[in-house]
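**Q** The following block contains the structure, expressed as structure tokens.
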Amino acid sequence: MAAIAITAANVLPSSTSISQTTGVLAAGVTATQGQYLYTLSDGTYGLADANVTDRWTVSGVALSGGSPGQRINILEPGNDAAFVFGGTGTVGAVLYLSPTAGGITETYADIASAEKVVILGQAVTATTMTFKTLGVQVTKP
């Protein structure tokens, strides 16, 4: 199975999601709703990626889209509320950061040898997930 396809218009925080913030996209970065982000040293945001050094620490998921330098809304990890992640997954599946910038996958095999395994959460239903970012950033053998 390939990375989970995200439909931006379907990404919605739950009514109990309280860990939201706003941020500015880094130069050269365009994000769409539903893409996973990391924080750069200057405080701006770029697309998280399981196969690029220093892009493994997920800071949030974009709740709005934008172009370089624009402000976007971000759902931060760590709350227990499920949110509609914009794709379709298998109930109970662990969801991982994809090696595709900003993407998500439920297929461990999508993460190649020497890439980082970053657990984002778990599918609660086919369209909702918890977003806890367990911080597991081990290199896949």
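**Q** Hey, any hits in the range 21-43 for a residue that's closer than 17 Å to K132 by Cβ, out of contact with any Ser or Thr (no Cβ under 8 Å at 6 or more places or on another chain) and of a type outside the set (F, W, Y)?
**A** Checking the range 21-43: at least one residue is closer than 17 Å to K132 by Cβ, out of contact with any Ser or Thr (no Cβ under 8 Å at 6 or more places or on another chain) and of a type outside the set (F, W, Y).
**Q** One residue is enough: does the range 27-45 have a residue meeting the conditions in contact with an Asp or Glu (Cβ under 8 Å, 6 or more places away or on another chain), modelled with pLDDT under 95 and within 19 Å of T100 (Cβ to Cβ)?
**A** Filtering the range 27-45 down to residues in contact with an Asp or Glu (Cβ under 8 Å, 6 or more places away or on another chain) leaves 38.
So of that shortlist, the ones also modelled with pLDDT under 95 come out as 38.
Those left that are additionally within 19 Å of T100 (Cβ to Cβ): 38.
There is at least one residue in the range 27-45 that is in contact with an Asp or Glu (Cβ under 8 Å, 6 or more places away or on another chain), modelled with pLDDT under 95 and within 19 Å of T100 (Cβ to Cβ).
Table: residues versus (1) without any contact (Cβ under 8 Å) to a residue 12 or more places away in the chain; (2) in a helix (DSSP H, G or I); (3) under 27 Å from A126 (Cβ atoms); (4) in contact with a Gly (Cβ under 8 Å, 6 or more places away or on another chain).
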site: A3; (1), (2), (3), (4): no, no, yes, yes
site: T57; (1), (2), (3), (4): no, no, no, yes
site: T88; (1), (2), (3), (4): no, no, yes, no
site: T100; (1), (2), (3), (4): no, no, yes, no
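**Q** Can you find a residue in the range 49-70 that is open to solvent by 30 Å² or more (accessible area, probe 1.4 Å), among the β-branched types (V, I, T) and farther than 18 Å from F131 by Cα?
**A** Yes, the range 49-70 has at least one match.
**Q** Can you name every residue in the range 26-36 that is part of a loop (DSSP other than H, G, I, E, B), of a type outside the set (A, V, I, L, M, F, W, C) and open to solvent by less than 10 Å² (accessible area, probe 1.4 Å)? Steps first, please.
**A** Let us first name the residues in the range 26-36 that are part of a loop (DSSP other than H, G, I, E, B), namely 26-30, 32-35.
Still in the list and also of a type outside the set (A, V, I, L, M, F, W, C): 28, 30, 32-35.
Scanning the range 26-36 gives a single hit, G34.
**Q** Next up: Among (1) closer than 23 Å to T105 by Cα; (2) at pLDDT 90 or above; (3) assigned to a strand (DSSP E or B); (4) not hydrophobic (A, V, I, L, M, F, W, C), where does G23 come up short?
**A** Only one criterion is unmet by G23, namely (1).
**Q** For the range 71-86, which positions are open to solvent by 50 Å² or more (accessible area, probe 1.4 Å), part of a strand (DSSP E or B) and either on the phi > 0 side of the Ramachandran plot or at pLDDT below 90 (or both)?
**A** Of everything in the range 71-86, just one residue is open to solvent by 50 Å² or more (accessible area, probe 1.4 Å), part of a strand (DSSP E or B) and either on the phi > 0 side of the Ramachandran plot or at pLDDT below 90 (or both), namely D80.
**Q** For T39, work out the one condition from (1) closer than 23 Å to A114 by Cα; (2) open to solvent by less than 30 Å² (accessible area, probe 1.4 Å); (3) free of Cβ contacts under 8 Å to residues at least 40 places away in the same chain it doesn't fulfil.
**A** Every listed condition holds for T39 apart from (2).
**Q** In the range 102-121, which residue that is modelled with pLDDT of 90 or more and either among the basic types (K, R) or assigned to a loop (DSSP other than H, G, I, E, B) (or both) is most open to solvent (accessible area, probe 1.4 Å)?
**A** E106
The values are calculated or read from the model by the stated rules, or taken from the named source; none is laboratory data. Bear in mind the structure is a predicted one, so any value in this text is a computation, not a measurement. Cβ: placed from backbone, ideal geometry, glycine included. Neighbour counts: every protein chain shown. Areas reflect the complete protein model, heavy atoms only, side chains present, ligands, DNA and RNA absent. Shrake-Rupley method; radii C 1.70, N 1.55, O 1.52, S 1.80 Å.
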